[in-house]
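Visitor: One structure follows; several queries about it will come next.
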Amino acid sequence: MSVIPSSQLTLSRTRRDLSKAMAKGDWSEVSTLDKRLAEALEDASADEGRDLGALLSELGNLLGLYKDLMKTCDEKTRHIASASAPE
């Protein structure tokens with residue numbers, strides 16, 4: 001049984017927190033966690049004790065999360081644009 005390094009656990013927890021912030025629509029927290037997630041990803045990737053399989057799996061989760069984030073941002077942008085369009 002391999003042990004997942006703390007850097008990868010931090011990455012996973014930060015992704016989970018970002019997902020929760022998105023679900024709540026807390027965009028200030030999303031911004032903060034996005035920056036924190038970038039740092040956690042860098043740390044986990046550079047960790048010499050990293051579990052490559054677990055890291056790749058987490059990267060797949062991150063891709064899905066950012067896909068959802070981009071979709072949400074596009075929808076919000078369209079909504080704001082249509083609400084502010086002159087009639």
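The values are calculated or read from the model by the stated rules, or taken from the named source; none is laboratory data. Source: prediction; values computed, not measured. As a convention, Cβ positions derive from the backbone with ideal geometry for all residues, glycine included, and neighbour counts pool all protein chains shown. Accessible surface is based on the protein model in full, side chains and every heavy atom, while ligands, DNA and RNA are left aside. Shrake-Rupley method; radii C 1.70, N 1.55, O 1.52, S 1.80 Å.
Visitor: I need the full set of residues from segment 32-44 which are open to solvent by 30 Å² or more (accessible area, probe 1.4 Å) and touching a residue at least 12 places away in the same chain (Cβ under 8 Å), in order please.
Guide: Result: D34, R36, L41, D43.
Visitor: Filter segment 1-25 for residues that are in contact with a helix residue (DSSP H, G or I) (Cβ under 8 Å, 6 or more places away or on another chain) and free of Cβ contacts under 8 Å to residues at least 24 places away in the same chain and give the result.
Guide: D17, A21
Visitor: Would you mention how many residues in segment 45-87 are open to solvent by 60 Å² or more (accessible area, probe 1.4 Å), without any contact (Cβ under 8 Å) to a residue 12 or more places away in the chain and not in a helix (DSSP H, G or I)?
Guide: 3
Visitor: Turning to a different aspect of this structure: Which of the residues that make up segment 10-25 are open to solvent by 60 Å² or more (accessible area, probe 1.4 Å) and more than 25 Å from A54 (Cβ to Cβ)?
Guide: Residue satisfying the conditions is K24 alone.
Visitor: Which residues, counting only those in segment 58-84, are under 19 Å from the mean Cα position of the chain (by Cα), small (G, A, S) and modelled with pLDDT under 95?
Guide: Within segment 58-84, none qualify.
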